[in-house]
1. When N counts the residues of region 57-161, how does its alpha-carbon radius of gyration compare numerically with 2.2 N^0.38 Å, as a ratio?
2. When the Karplus curve 6.51 cos²θ - 1.76 cosθ + 1.60 is applied with θ = phi - 60°, which whole-Hz ³J(HN,Hα) does each residue of region 37-50 get, with x for Gly and Pro?
3. Ignoring the sites themselves, what is the longest stretch of the chain with no trypsin sites (Lys or Arg not before Pro) in a DSSP loop and at most 13 other beta-carbon atoms within 10 Å?
4. Filter Lys73/Lys136; Lys72/Lys175; Lys27/Lys175; Lys72/Lys183 down to the pairs with a C-alpha to C-alpha distance above 22 Å, please.
5. Between helix 23-33 and the chain, what is the angle of the helix's C-alpha long axis to the longest principal axis, kept within 0 to 90° and rounded to the nearest 10?
6. Restricting attention to region 75-138, which GluC sites (Glu not before Pro) occupy a DSSP loop and are surrounded by at most 10 other Cβ atoms within 10 Å?
7. Would you order Tyr213, Tyr170, Tyr132, Tyr123 from fewest to most other beta-carbon atoms within 10 Å of each residue's own beta-carbon?
8. ³J(HN,Hα) across region 170-182 via Karplus (A = 6.51, B = -1.76, C = 1.60, θ = phi - 60°), whole Hz, x for Gly/Pro?
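Coordinate-derived values only; no laboratory data. Note that the structure is a prediction, hence the values are computed from the model and not measured. Neighbour counts run over all protein chains shown; Cβ positions are idealised from the backbone, glycine included.
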Amino acid sequence: MGRAIASCLAQSGANVAIAGRRENVLKAAAEEIGHGCEIAPCDLTQMDAIAAFEADLGPVDILVNNAGNTLKKPFEDQTMADFDQVFDVHVRGALELSRHVIRRMLAEERGGTVQFLSSMTAYIGQPMVSGYTISKTAINGVVRGLSAEFAARGIRVNGVAPGWIDTDIYRNATKGDPARQQKIMSRIPMGHLGQPEDIGWCCAFLASPAARYINGQVVLVDGGGATGF
């Protein structure tokens, strides 16, 4: 999904840098994206490294916090270490990077946009993924809080909440389980999965002047899934 987001932003005219832990994966993605896409290796679970990472990256006008992982486990079997594994990526890492980026935006009086990836699960809840659901619900609170705090200083903060998207994660999760696939499809009013580019173009729109009066919103991109559930 991150690759599609970066590609849509690049096609919209943005100078793009993509971040992640595995440099070889970043290089392959950058070649596919083109448009002079740069890479910026970083592990967002390492809080002490984020400040140096942001300093090396330089001024940012559009930040999309897309790093993510998942946790599928019965709630009664989960430990705080399990929750930390999810929160460190989805919440703590995103907050720390956003704090450094916003601080520079304010110091340079440039304004900008910051986006966070939420999820349909923050609205409907699903069994076995409570840690993930809780972290994404927290992200919705981050959007509300930061959007109110920084709007007057020229920084818009929004979120995007994907539904069922045709990604490797989805395919691996439903492989060999046609009953689950059918159940998912039955709950999407539009009758089909979303594509990663559907998320990418939503992010590009929210970063554009066309969305200049949109602030503090989390946009569901789910084919009506949260409604149909």
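1. This ratio for region 57-161 stands at 1.15.
2. Karplus-based 3J(HN,Hα) across region 37-50 equals 4, 9, 10, 9, x, 6, 9, 6, 8, 9, 4, 5, 8, 5 Hz.
3. 111-174
4. Lys27/Lys175
5. The answer is roughly 90 degrees.
6. Details: sites: Glu76, Glu96, Glu108, Glu109; in loops: Glu108, Glu109.
Within region 75-138, the qualifying GluC sites (Glu not before Pro) (loop, at most 10 other Cβ atoms within 10 Å) are Glu108, Glu109.
7. Numbers: Tyr213 7, Tyr170 15, Tyr132 23, Tyr123 20.
Ordered by Cβ neighbours within 10 Å, fewest first: Tyr213, Tyr170, Tyr123, Tyr132.
8. Here the 3J(HN,Hα) series is 5, 5, 5, 6, 10, 4, x, 10, x, 5, 5, 4, 5 Hz.
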